[in-house]
Amino acid sequence: MQDDQILLQELKNGQVSALKSLHDRYARFLFFTALQILGSEDEAKDVVQDFFADFWDKKRYFDVRGNVRSYFFQAVRLLSLRLLETKRKRAAIVRNIFDTNTLPLYQMDPAENSQIRLEFTEAVKSLPTQQARVFDLAIMAGKKRKEISAELGINANTVKTHLADALKTLRKKLIHLR
């Protein structure tokens, strides 16, 4: 759309109002794109919000070649698929630690299972308080970033950072369990 190219040029010239215009034009379409993949309104809203923030902060408007709508669609689709994969990986972490029907825990005697669970619990307890709370709410309780943000009274991006840091720390502390 010709109008989109003008808005992109305005963005390149530093006009924030052009971003708002693009957001107003495409946010609903992008929300439904993300919702179709994720199945969660909160997560779809987060993805669209994260996309526009990243688009502005990292000046991704310089990367757009051709159709803006197609670029936005592909970017939000990719972000949604990445989020879905991250959720699957998080669920697998929990399943592998707590599901006694999976290997290798299934083949271990109950004492070994108990020891692994104890090590995991201790590793979570050793996290900084806020990271441990975010990890517990996100991974163990399955809550979404916005829910955790509201419950703990912190920014959603802070929740994201705490969770990433917690997972990184736990991977390091529990690497010997692989």
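What figure, in Å² to the nearest 10, do you get for the accessible area of K172 with a 1.4 Å probe and non-protein molecules left out?
140 Å²
Putting +1 on Lys and Arg Cβ atoms and -1 on Asp and Glu Cβ atoms, find which of N155, A132, Y71 reaches farthest to the positive end of the dipole of the chain.
So the residue we want is Y71.
Got the relative contact order for the chain handy, in percent, Cα pairs under 8 Å and 6 or more residues apart? Mind showing how you got there, number by number?
Details: 125 pairs, mean separation 28.5, N = 178.
Normalised by residue count, the contact order of the chain is 16 percent.
Can you put R88, R65 in order of accessible area, largest first, using a 1.4 Å probe?
Final ranking, largest accessible area leading: R65, R88.
Could you check which residue among D50, D24, D165 shows the biggest mean-square fluctuation in a GNM of the chain with a 10 Å Cα cutoff?
Judging by the Gaussian network model, the answer is D24.
Measure off, as a whole percent, the carbon and sulfur share of the 1.4 Å-probe accessible area of the chain, all protein chains present.
51 percent
Below 20 Å, Cα to Cα, which lysines can K172 reach? Residues fewer than 8 away in the same chain don't count.
K87, K89, K125, K160
Could you give the angle, 0 to 90 degrees to the nearest 10, between helix 156-173's Cα long axis and the longest principal axis of the Cα atoms of the chain?
In the chain, helix 156-173 runs at an angle near 40 degrees to the longest axis.
Heavy-atom accessible area of Y71 with all protein chains present, probe 1.4 Å, nearest 10 Å²?
60 Å²
Kindly report the accessible area of the chain per residue (heavy atoms of protein chains, probe 1.4 Å, no ligands, DNA or RNA), in Å².
61 Å²
Using Cα atoms only, what is the angle between the long axis of helix 110-125 and the major principal axis of the chain, expressed in degrees (0 to 90) to the nearest 10?
It is inclined by approximately 50 degrees.
Might you report the magnitude of the Cβ-based charge dipole of the chain about its Cα centre, with Lys and Arg at +1 and Asp and Glu at -1, to the nearest 20 debye?
For this selection, approximately 300 debye.
Relative to the longest principal Cα axis of the chain, at what angle does helix 68-98 sit, 0 to 90 degrees, rounded to 10?
For helix 68-98, the angle is close to 10 degrees.
The values are calculated or read from the model by the stated rules, or taken from the named source; none is laboratory data. Worth saying up front: this structure is predicted, and the values here are computed from it rather than measured. Neighbour counts run over all protein chains shown; Cβ positions are idealised from the backbone, glycine included. SASA here: full protein model, heavy atoms, side chains in, ligands and nucleic acids out. Shrake-Rupley method; radii C 1.70, N 1.55, O 1.52, S 1.80 Å.
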